[in-house]
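Below is one structure, written out as structure tokens; the observations come after it.
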Amino acid sequence: MPRPSPWINALRKIAELRIREDEPLWRHTSFKIGGPADALVWADTREQLRQVVRIAREYRVPFFVLGRGTNVLFDDAGFRGIVLKLSREFEMMQFDGRRVRAGAAVPMSVFSKECAKRGLSGAEFMFGIPGSLGGGVRMNAGAHGSCFAEIVQGCEALDWEGTFRWLTREELAFAYRSSALSDFALATEVLFELTASDPETVEQKTKALYYQRMASQPLAEPSAGCVFRNPDVGAAGKLIDECGLKGRSCGGAQVSKKHANYIVAPEGATAAEVRRLIAQIHREVLQARGVWLELEVKILGPHGEDLGAQLLGKGLEG
């Protein structure tokens, strides 16, 4: 039996850290795709989290933060490093009038529902988005014309040196589907400021937006959410649909017949099949409409490499 890596031994020494070695990632992603991670760990406290990030940095181990497992496609070969999930200490919510502090591990739908109960408006758009707050603020997630940038006042983040820092709204530098958090290891806590309203009114709006999402998106099928960002010229899904790509398949991967910016795997698919289908979509939209679609889903190689740019290049080559 091979000896464990030094960094695995270092992780084992962190007090009460929960670790699963060779854990299949398909169990933890909305796409239900992905080989084993060398180590999947749950950080329950800030001290555990700080030590995990320190080990990843010191041993130069590939490192990825996994929220609710959405918006990511892991390789069939898995991930040769540390996949981190936040828990417990990062699942809190504190309400103080119109201001809410919430841990990065809180699911967006849970946050939206709790705000609605208290008559706090502004987070209705989150209900039905399957991710967590940490990922949401990092990518400035949005839906129905609203986004995180409109309601976030600040965020605690951990840098790669192991220091927790508070970032103001201005320092977060929100842009379309991005923020300054890309320079940090991860977000740990978010401060929101919402609008006081009538609980029944907020709940009705939340439900209406959710029903709209259900009617237009394939929420019941395995997917990673929207594959491409919306370009300046319009919705990515509309462009893909106009190119006649709805229903296009590659092995078990298929362009959703309900929403063309989703790739679904109703019967199961490999990461390689999904990547080939993404490349086909990108190439055909570029050839037919002259529009370069940028990826919204994160595509990871087994050593943590971002395969997105490489994949789109192959799409051009056919």
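The values are calculated or read from the model by the stated rules, or taken from the named source; none is laboratory data. Source: prediction; values computed, not measured. Cβ: placed from backbone, ideal geometry, glycine included. Neighbour counts: every protein chain shown. When the accessible area is computed, the model is the full protein with side chains, heavy atoms only, and any ligands, DNA or RNA have been set aside. Shrake-Rupley method; radii C 1.70, N 1.55, O 1.52, S 1.80 Å.
Annotation for the range 177-269: GluC sites (Glu not before Pro) lying in DSSP loop with at most 11 further Cβ atoms inside 10 Å of their Cβ are Glu267.
Stretch Asp96-Asp306 to full length: gain in nm at 0.36 nm per residue minus the Cα-Cα span?
Numbers: separation 210, 0.36 × 210 = 75.60 nm, distance 3.96 nm.
Answer, rounded to one decimal: 71.6 nm.
Applying the criteria of a DSSP loop state and at most 15 other Cβ atoms within 10 Å to the GluC sites (Glu not before Pro) of the range 110-181 yields Glu161.
Could you pull out the trypsin sites (Lys or Arg not before Pro) across the range 12-101 that fall in loop regions by DSSP (anything but H, G, I, E, B) with no more than 11 other Cβ atoms inside 10 Å? Walk me through the numbers on the way to the answer.
Details: sites: Arg12, Lys13, Arg18, Arg20, Arg27, Lys32, Arg46, Arg50, Arg54, Arg57, Arg60, Arg68, Arg80, Lys85, Arg88, Arg98, Arg99, Arg101; in loops: Lys13, Lys32, Arg60, Arg68, Arg98.
Counting only loop positions with at most 11 other Cβ atoms within 10 Å, the trypsin sites (Lys or Arg not before Pro) in the range 12-101 are Lys13, Arg60.
Taking only the alpha carbons of the range 1-90, we obtain Rg and Dmax values of 12.5, 36 Å in that order. What the range 1-132 shows is 45 Å² of accessible area per residue, with the surface traced by a 1.4 Å probe over protein heavy atoms. Computed over all pairs of different Cα atoms, the Kirkwood value for the hydrodynamic radius of the chain is 20.4 Å.
Evaluate E = 1/(1 + (r/R0)^6) for Tyr211 and Glu267, where r is the Cβ-Cβ distance and R0 equals 45 Å; express this FRET efficiency to the nearest 0.05. If you can, show how the numbers build up before the last one.
Numbers: r = 27 Å, r/R0 = 0.60.
In this case the efficiency is close to 0.95.
Expressed as a whole percentage, what fraction of the accessible surface of the chain belongs to carbon and sulfur atoms when a 1.4 Å probe is rolled over the protein heavy atoms? Carbon and sulfur together cover 48 percent of it. Based on C-alpha pairs under 8 angstrom that are at least 6 apart in sequence, the chain has a relative contact order of 17 percent. The distance separating the Cα centre of the range 42-121 from that of the range 197-263 comes to 24 Å.
Placing a pseudo-label 7 Å from each Cα along the Cα-to-Cβ vector at Lys238 and Tyr176 gives an inter-label distance of 1.3 nm.
Relative contact order of the range 204-305, please, whole-number percent, based on alpha carbon pairs below 8 angstrom and at least 6 residues apart.
Working: 135 pairs, mean separation 31.0, N = 102.
The normalised contact order for the range 204-305 reaches 30 percent.
Here the label points at Arg60 and Arg20, each 7 Å from Cα along the C-beta direction, are separated by 3.0 nm in the simple model.
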